[in-house]
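The values are calculated or read from the model by the stated rules, or taken from the named source; none is laboratory data. Note that the structure is a prediction, hence the values are computed from the model and not measured. Heads up, the Cβs are rebuilt from the backbone with ideal geometry, glycines too, and the neighbour counts pull from every protein chain shown. For accessibility, only protein heavy atoms count, side chains too; no ligands or nucleic acids. Shrake-Rupley method; radii C 1.70, N 1.55, O 1.52, S 1.80 Å.
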Amino acid sequence: MTRKLAISLPDDLAARLDSEPNVSAFIAEAIRARMHAEQARATLTAAGFALTDAGRAQAAAALDDL
(Lines give C-alpha, C1' and ligand atoms only; values in the text may rest on other atoms or scores of the structure.)
Protein backbone atom coordinates (compact mmCIF):
# COMPACT_ATOMS: atom_id res chain seq x y z
CA MET A 1 0.00 0.00 0.00
CA THR A 2 1.23 3.52 -0.70
CA ARG A 3 0.20 7.00 0.35
CA LYS A 4 0.51 10.22 -1.56
CA LEU A 5 2.18 12.99 0.44
CA ALA A 6 2.83 16.64 -0.22
CA ILE A 7 6.18 17.87 1.11
CA SER A 8 8.15 21.08 1.02
CA LEU A 9 11.88 21.05 0.32
CA PRO A 10 14.63 23.64 0.09
CA ASP A 11 15.32 24.73 -3.49
CA ASP A 12 18.62 22.84 -3.74
CA LEU A 13 16.98 19.53 -2.80
CA ALA A 14 14.02 20.09 -5.09
CA ALA A 15 16.43 20.85 -7.93
CA ARG A 16 18.28 17.58 -7.27
CA LEU A 17 15.03 15.67 -7.55
CA ASP A 18 14.28 17.26 -10.92
CA SER A 19 16.82 14.89 -12.51
CA GLU A 20 15.26 11.74 -11.03
CA PRO A 21 12.99 9.68 -13.28
CA ASN A 22 11.15 8.28 -10.24
CA VAL A 23 11.19 10.77 -7.37
CA SER A 24 9.06 8.56 -5.13
CA ALA A 25 11.48 5.63 -5.47
CA PHE A 26 14.47 7.91 -4.83
CA ILE A 27 12.92 9.33 -1.67
CA ALA A 28 11.79 5.90 -0.45
CA GLU A 29 15.32 4.56 -0.90
CA ALA A 30 16.80 7.52 1.00
CA ILE A 31 14.36 7.04 3.88
CA ARG A 32 15.06 3.30 4.02
CA ALA A 33 18.82 4.01 4.14
CA ARG A 34 18.25 6.45 7.01
CA MET A 35 16.11 3.89 8.86
CA HIS A 36 18.81 1.25 8.37
CA ALA A 37 21.48 3.61 9.75
CA GLU A 38 19.29 4.43 12.76
CA GLN A 39 18.77 0.71 13.45
CA ALA A 40 22.50 0.05 13.13
CA ARG A 41 23.25 2.83 15.64
CA ALA A 42 20.64 1.43 18.04
CA THR A 43 22.10 -2.06 17.71
CA LEU A 44 25.63 -0.80 18.35
CA THR A 45 24.45 1.17 21.38
CA ALA A 46 22.62 -1.88 22.75
CA ALA A 47 25.79 -3.95 22.26
CA GLY A 48 27.71 -1.48 24.42
CA PHE A 49 29.56 0.51 21.77
CA ALA A 50 29.92 4.24 22.30
CA LEU A 51 28.82 6.18 19.24
CA THR A 52 31.86 8.40 19.12
CA ASP A 53 34.73 8.27 16.61
CA ALA A 54 36.61 6.03 19.04
CA GLY A 55 33.52 3.89 19.57
CA ARG A 56 32.99 3.52 15.83
CA ALA A 57 36.62 2.41 15.47
CA GLN A 58 36.09 -0.12 18.26
CA ALA A 59 32.98 -1.48 16.54
CA ALA A 60 34.76 -1.71 13.19
CA ALA A 61 37.66 -3.58 14.82
CA ALA A 62 35.25 -5.98 16.52
CA LEU A 63 33.50 -6.66 13.21
CA ASP A 64 36.85 -7.21 11.49
CA ASP A 65 37.73 -9.79 14.15
CA LEU A 66 34.58 -11.73 13.33
Share of accessible surface on carbon and sulfur in the chain, whole %, 1.4 Å probe and ligands ignored, is 58 percent
Distance in nm between pseudo-label sites at GLU38 and ASP64 (7 Å out along the Cβ direction from Cα)
3.1 nm
Taking the Cβ-Cβ separation of ALA57 and ALA6 as r and a Förster radius of 30 Å, what is the calculated FRET efficiency to the nearest 0.05?
0.10
Output needed: percent of Cα pairs per 5 Å distance bin for the chain, bins running from 0 to the one holding the longest distance.
3, 13, 16, 18, 11, 9, 12, 14, 4, 0
Whole-Hz Karplus couplings 3J(HN,Hα) for region 60-66, θ = phi - 60° and coefficients 6.51, -1.76, 1.60, Gly and Pro as x, run 4, 5, 5, 5, 4, 5, 6
So between ASP18 and ALA47, what do we pick up on full extension, going 0.36 nm a residue minus the alpha carbon distance?
6.3 nm
Accessible area per residue of region 1-65 at 1.4 Å probe, in Å²?
88 Å²
